[in-house]
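Colleague: Pasting in a structure now, in structure tokens, and then I'll have a few things to ask.
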Amino acid sequence: MSLHTSLFIAVLVIIALFDSEALKDTNDPVTCGSVVKLIHKDTGNNLHSHGIAWGSGSGQQSVTTNSAKTDKGSLWVVKESSKASEVCEIGTPVKCGDIIRLEHADTTKNLHSHLFKAPVSGNQEVSGFGDEHGNGDSGDNWQVVCESGQGLWYRYVPVHFRHADTNRYLVTSGRHVFNQQNCGHQCPIMGQTEVSAGGSKTSAGKWLTDQGVYFPSKIDTDSGDEL
């Protein structure tokens, strides 16, 4: 990631953390380039990551949920699939069924899954993966699965994320909290909940965008038409 890009994202992160009510409209779609916070519908916790590696499994960067409201570790950049032939232009609406990547704004790691086992639930592990430029592999690709009849991924409306490589869904549960028994006395993620990839599409896999910096839909700005 270039210095210019890093500074640009840093500014967006600051805005996203302290302007929670900005552009809060469910009629607007999530667009490429936007920096968003993802909230788990059942628990109200934020999809989160940090520079802490899993102590088992892959040893890659851990992904959890937490309840902190102004933590920059809970912001994600929406971008195109690793297999896309071209970059998804900023402001392009994300359609239901699209394959995307979610890049962790603070560490440039992509939300990732693979065949390692998650430490608490025994589901498929979810981690942060990639280099300093946000480049990883096909394990970073997730399909946006909307409710029936929805054409676009709308802000503040719950969706599921299906892992493109393994057909499992991004999930978490209040039953899978890290504590002294399952993480040790010096656990660096004490009180956070495990995020994993589960085999079924259930309420445990519903996520919605909340705080963020959303780029206006390119369709609207180019044509002046409503979506």
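The values are calculated or read from the model by the stated rules, or taken from the named source; none is laboratory data. Fair warning: this is a prediction, and the values are worked out from it, not measured in the lab. Counting neighbours? That spans all protein chains shown, and the Cβs are built from the backbone with ideal geometry, glycine included. The protein model used for the area step is the full one, side chains on, heavy atoms only, and it has no ligands, DNA or RNA in it. Shrake-Rupley method; radii C 1.70, N 1.55, O 1.52, S 1.80 Å.
Colleague: Which one is most open to solvent (accessible area, probe 1.4 Å) among residues in region 178-201 that are within 20 Å of Asn141 (Cα to Cα) and part of a loop (DSSP other than H, G, I, E, B)?
Modeller: Out of the qualifying residues, it is Lys201.
Rundown of residues vs (1) closer than 24 Å to Val120 by Cα; (2) at pLDDT 95 or above, yes/no style:
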residue	(1), (2)
Lys41	yes, yes
Leu47	yes, yes
Gly55	yes, no
Ser81	no, yes
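Colleague: Further question on the same structure: Have a look at Val36, Val63 and point out the one that is modelled with pLDDT of 95 or more and either within 26 Å of Ser148 (Cβ to Cβ) or open to solvent by 10 Å² or more (accessible area, probe 1.4 Å) (or both).
Modeller: Working: Val63 fails: either within 26 Å of Ser148 (Cβ to Cβ) or open to solvent by 10 Å² or more (accessible area, probe 1.4 Å) (or both).
Just one listed residue meets the conditions, Val36.
Colleague: Val171 is checked against (1) out of contact with any Gly (no Cβ under 6 Å at 6 or more places or on another chain); (2) hydrophobic (A, V, I, L, M, F, W, C); (3) closer than 17 Å to Asn66 by Cβ and fails just one. What number does that condition carry?
Modeller: (1) is the only condition that Val171 fails.
Colleague: Further, regarding this structure: Would you please list the contacts, defined by Cβ atoms under 6 Å and residues six or more apart or on different chains, that run from a residue in region 128-153 that is free of Cβ contacts under 8 Å to residues at least 40 places away in the same chain to a residue that is small (Gly, Ala, Ser) and open to solvent by 30 Å² or more (accessible area, probe 1.4 Å)?
Modeller: So the pair list comes out as Gly130/Gly136.
Colleague: Under the condition of being assigned to a loop (DSSP other than H, G, I, E, B) and among the hydrophobic types (A, V, I, L, M, F, W, C), which residue from region 109-151 is farthest from Asp165 (Cα to Cα)?
Modeller: For region 109-151, the residue satisfying everything is Val120.
Colleague: Let me confirm something: among Arg162, Arg175, which residue is closer than 21 Å to Gln60 by Cα, open to solvent by 30 Å² or more (accessible area, probe 1.4 Å) and assigned to a strand (DSSP E or B)?
Modeller: Step by step, each of Arg162, Arg175 is checked, and only Arg162 is closer than 21 Å to Gln60 by Cα, open to solvent by 30 Å² or more (accessible area, probe 1.4 Å) and assigned to a strand (DSSP E or B).
Colleague: Just name the residue that is nearest to Lys37 (Cα to Cα) out of those in region 142-155 that are out of contact with any His (no Cβ under 7 Å at 6 or more places or on another chain) and surrounded by 14 or more Cβ atoms within 10 Å (Cβ to Cβ). If you could, list the steps in order and put the result at the bottom.
Modeller: First, the residues of region 142-155 that are out of contact with any His (no Cβ under 7 Å at 6 or more places or on another chain): 143-144, 146-155.
Keeping just the survivors that are surrounded by 14 or more Cβ atoms within 10 Å (Cβ to Cβ) gives 143-144, 146, 150, 152-155.
Values: Gln143: 18, Val144: 15, Cys146: 18, Gln150: 21, Leu152: 18, Trp153: 14, Tyr154: 14, Arg155: 11 Å.
Once the filter is applied, the top-ranked residue is Arg155.
Colleague: Would you confirm, using the coordinates I've provided, whether Asp28 is of a type in the set (Asp, Glu) and either at pLDDT below 95 or surrounded by 19 or more Cβ atoms within 10 Å (Cβ to Cβ) (or both)?
Modeller: yes
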